[in-house]
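One structure is given here, and the rest of the page talks about it.
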Amino acid sequence: MLPGKRPEHMSAFDLTMIRTVMETGEASPRKDAGKPWTELWDGPERVIFGHDAEKGLQVGKGFIGLDTGCVYGGKLRCVAASFPFVGTNYQSPITNHQSPLFLTAM
């Protein structure tokens, strides 16, 4: 997530590939470039994400990283939410499959 930018104003690349934020404010998929986006994100949305098994469970102000390496023998994690969501769909350029890109509590 890019600091100071609302999720609906971010590109699909920024929302799905970001690991760090460069000094220029651009998203980067590289772990060794810039600062982790989780150090810069202060909401107001709470971001729930995965695909970062190396760092394990991450819980901070405004974010929850769920990937704890289940595929490598770690625990499977989830977030249970009982309130309605609205969101935007993302169509994968590889599989042509549509899935929610981001969800926001109503």
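What are the lysines whose alpha-carbon lies under 16 Å from the alpha-carbon of residue 55, with same-chain residues fewer than 8 places away excluded? Straight-distance partners of residue 55: 31, 35, 75. Amide H contacts for residue 47 (H built 1.01 Å from N in the peptide plane; partners 5 or more residues away or on another chain; cut-off under 5 Å): 63, 64. Pop the C-beta distance of residue 79 and residue 32 into the FRET formula with R0 = 22 Å and round what comes out to the nearest 0.05. Once the sixth-power term is evaluated, E becomes 0.20. Karplus-derived 3J(HN,Hα) values for the stretch 49-61, using 6.51 cos²θ - 1.76 cosθ + 1.60 with θ = phi - 60°, are 9, x, 6, 8, 4, 4, 8, x, 5, 10, 10, x, 5 Hz; glycine and proline are entered as x. The trypsin sites (Lys or Arg not before Pro) of the stretch 10-48 that meet both conditions, a loop assignment by DSSP and at most 16 other Cβ atoms within 10 Å of the site Cβ, are 30, 31, 46. Fully extending the segment from residue 17 to residue 51 would add 11.3 nm, taking 0.36 nm per residue of separation and subtracting the current Cα-Cα distance.
Fewest neighbouring Cβ atoms within 10 Å first, the residues 18, 48 line up as 48, 18.
Under 18 Å of direct C-alpha separation, and excluding same-chain neighbours fewer than eight residues apart, residue 5 reaches these aspartates and glutamates: 14, 23, 26, 39, 42, 45.
Read-outs: derived from the displayed coordinates by stated rules, not from any lab. Just so you know, these numbers come straight off a predicted model, no measurement behind them. Using ideal geometry, Cβ is built from the backbone for each residue, glycine included, and neighbour counts are taken over all protein chains shown.
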